[in-house]
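Structure, as structure tokens:
The values are calculated or read from the model by the stated rules, or taken from the named source; none is laboratory data. Fair warning: this is a prediction, and the values are worked out from it, not measured in the lab. Backbone-built Cβ (ideal geometry, glycine too); neighbour counts: all protein chains shown. All accessible areas refer to the heavy atoms of the entire protein, side chains included, with ligands and DNA or RNA removed. Shrake-Rupley method; radii C 1.70, N 1.55, O 1.52, S 1.80 Å.
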Amino acid sequence: MPAAARRPSAILILTSIVLALTGLFMGLGGALLLGLGGSPYYVVTGIALLATAILVWRGRAAALWLYALILAGTLAWALWEVGFDFWALAPRGDIIAPLGVWLLLPFVANRLEPGRGARAALASAVALAILTLGIALTRHPHSITGVAQEAHMPPGNIAAADWPAYGGTNWGDRFSGLAQITPANVAGLKLVWQFRTGDMKGPNDPAETTDEDTPLKIGHTLYACSPHERLFAIDAATGKLRWKFDPKIEDNSTFQHLTCRGVSYHETTAGATTIDGTPAPADCPRRIFLPTDTGFLYAIDADDGTLCQGFGDHGRVDLKAGSPYQTAGFYEGTSPPAVGRQVIVMGGAVIDNWSNKVPSGAIRAFDVYSGKLLWVFDAGNHDPNEMPSATHQLTAGSPNSWAPAVIDDTLGMVYLPLGEGADDIWGGHRTPDEERYDSALVALDLKTGKLVWSYQNVHHDLWDMDVPAQPSLADVQTAKGVVPAIYVPTKSGNIFVLDRRDGQLIVPAPERPVPQDGAAGDHLAPTQPFSDLSFRPRHKLTGADMWGVTAFDQLVCRIKFHRLKYEGPFTPPSVQGTLVFPGDLGVFEWGGIAIDQSRQIAIANPIGLAFISRLIPRGPRNPAEPAANLPAGTENGVQPMFGTPFGVKIAPFLSPLRIPCLQPPWGSIAAFDLRTNRVIWQHPVGTTRDEKRLPLPFALGMPMLGGPLATAGGVTFLTGTRDSYIRAFDMKTGRELWRDRLPAGGQSTPMTYSVGGRQYIVTVDGGHGSFGTKLGDYIRAYALPDGG
């Protein structure tokens, strides 16, 4: 009986069904994509797959010829779109290529009629696909290789045996002069102690319960805080608890955040005076300052954990005082204050996208001894230094400073990164005073709070592009000689480099035109600054940049991309839905960068994720005023932005499998030269091992939160990736030298110190609720056996 007349076998029926379903999905999805202006590949391939399914059903050898053409065409199209990039090629062929192998298997191919050269043609196409993937595996298109060259500059204001401030010192460089741990011996690091705080997320805590702490170390004691702002004094050599202070933060699910990034330290030196010239008080000569998410700042005796009774109201000041609105959880002290010799400067986080009736984001300075309010900088007030009084309240919802600040004691200046005002995504109602310092860096006189200079990173910010990270100070070699600089990492990926004396740009940041089609009632800044030193995306996204674990979800991502409004960076928010890339998580976040001034290099860990910002007009599901049963302070679902014409829904740009739609890498570690402003090396970092939907150790380069630590030994450490590891890298080349598995997410910045001649590396591993990493309560210390 002729093959065409034979009833197809079960294996051919199954194969035909799989081919037909695949073809139907790709054909229909491809037609939709083509109608949106996307690639014709999917609809063409879908039709060809349907034809192949019919031929297989009929037992025709021509099915192999046609499939060889499909596979060869897929390969050519994939290489044309992305070249020899393995992880970009993989989803383009991970359905088509295995089906080709399936068709060649004897129990399938032998059931088809004989066809001259058909099997050879398909086998050749499969072999070519395998060869292509093999070549791609040897390429590293997202890596930059290079070797850092030595410089011979003074080290600057750096940490050494102690780690007395959040960023190491008030310069915020995250660099230590310790050199016991080197590239030659770092692989010998061992866990020497582990401390558990017992502070875990409760049933009534917000989703964004996070452990982002970088501890301090002074003398023989480590000072660490936990999400509920409990403060622990721990023996730095043994990890044993010395004392604990608990401010009794109650569980409250309406808080936007529950986190502690760190605490601050002040020590009274011999002959010290207060800011008004009187002798410093004798009580609490060594004190820890602890901010809380309930809007208080505590002063605690560093020796015994008791409150410093002479500070404020028996050991604390209320950071909400003077604000017109004081709703619980609307003002939170998430980052440690900047502490000078006589003055402590404190910013705080104000709830995003809730309403314009929220606490003030004003920056406050207090006497470090008495807690007396010395000055304010209210960025939304025409006179930012106007003090609160019985007749004047601070400006509601003014731009706030939620990330850590830095101090130059020699210049007598404090540098504060500012975020946006109350409503991030629509700004038609903002006044010139509210816009003036929005998303800017301000340099203030430390004693008076008077503005010295400012620099705005984004004009009329509609994308939540706060200055999110602690800046870093360094003296840098330039063509004009050594200049005292400040490095300002931003969410846009730009790193602005300015003379910290006067705010003049050291690295050019020309203004460039940006998209102008804004939402009703709003307006756009005609230009935005683009620094010559940047990790921002270098090209405008296209459909070819979309990704998926399979060809199926990649197709869905392409369709989603073409349905969104996207005109490149700074595409304005829209009712249609705008693709925001870099997204509001940012290229840089609160972890900042690390700077080795002596070598004139910096270590950075940029990330790249896209978000969708969709404006929601007022209506029954988005009322103009808060309903009685609407929980205040959450970021779930629609963020209401009461007082504006819209609410907003912000979400990561994800595939149906909850994997980023943008192709990897999503995170890397890099070094750049302070003298040339060129990237020396850059490599993707992080694997998918801890991803629920892709739990395999694929080294894609993962998103991360937390900054790098650099050391004089030539080793840099990083823990913030979504896979739970601490990693060590050679600072000259970026080569990974060592890693160790962590018991929970390490979304924090590690630190280092020495005790008894032994260098320790400490990481806080408590996870991050909204980032999706495993929660825990660990503080872990590593060292070389017997000090190396």
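A few remarks follow.
- Length, then width, then depth: along the principal axes, the Cα atoms of the range 473-592 run 55, 39, 24 Å.
- Whole-Å distance, taken between Cα centres, linking the range 451-506 and the range 87-107: 50
- In this structure the chain gives 36 Å² per residue of accessible area when probed at 1.4 Å with all protein chains present.
- Cα-only Debye scattering, the range 493-556: base-10 log of I(q)/I(0) at q = 0.18 Å⁻¹: -0.86
- The charge dipole of the chain, taken about the Cα centre with unit charges on the Cβ atoms of Lys, Arg (+1) and Asp, Glu (-1), comes to about 3520 debye, rounded to the nearest 20.
- In order through the range 753-770: 3J(HN,Hα) via Karplus (6.51 cos²θ - 1.76 cosθ + 1.60), integer Hz, x for Gly, Pro: 7, 10, 9, x, x, 10, 8, 10, 10, 10, 10, 9, 10, x, x, 9, x, 6
- Distance from the Cα centroid of the range 9-45 to that of the range 373-431 is 56 Å (rounded to whole angstrom).
- Given Lys540/Lys565; Lys372/Lys447; Lys244/Lys447, the pairs whose alpha carbons are separated by over 21 Å: Lys244/Lys447
- Cut-off under 5 Å, modelled amide H: who pairs with Asp461 long-range: none
- Here each label is just a point 7 Å from Cα along the line to Cβ, and for Gln393 and Ile54 those points are 7.4 nm apart.
- Descending Cα extents along the principal axes, the range 75-176, whole Å: 79, 25, 21
- Ligands, DNA and RNA left out, the accessible area of the chain computed with a 1.4 Å probe is 58% carbon and sulfur.
- Isotropically averaged projected area of the range 183-324, using the convex hull of Cα atoms (one quarter of hull area), nm²: 12.2
- Centroid-to-centroid separation of the range 235-306 and the range 756-788 [C-alpha atoms, Å]: 22
- The chain, helix-only ellipticity at 222 nm - DSSP H runs n ≥ 4, -39,500 (n - 2.57), divided by all residues, nearest 500: -5000 deg cm²/dmol
- Selection among Ala270, Gly347, Ala321 by position relative to the dipole of the range 258-348 gives Gly347 as farthest towards the positive end (Cβ unit charges, Cα centre).
- Probe 1.4 Å, all protein chains present, accessible-area order of Leu394, Leu79, largest first: Leu79, Leu394
- Kyte-Doolittle mean at least 0.0 and Cα axial length at least 27 Å: DSSP H helices in the chain: 10-35, 62-82, 118-138
- Applying 0.36 nm per residue to the separation of Thr550 and Trp80 and subtracting their alpha-carbon distance, the gain on full extension is 167.3 nm.
- In this calculation the C-beta distance from Asn110 to Leu694 is compared with R0 = 45 Å, giving a FRET efficiency of 0.80.
- For the chain, the C-alpha radius of gyration sits at 1.03 times the compact-globule guess of 2.2 N^0.38 Å, with N the residue count.
- Of the trypsin sites (Lys or Arg not before Pro) found in the range 548-626, the ones in coil according to DSSP and having at most 10 other Cβ atoms within 10 Å of their Cβ are Arg621.
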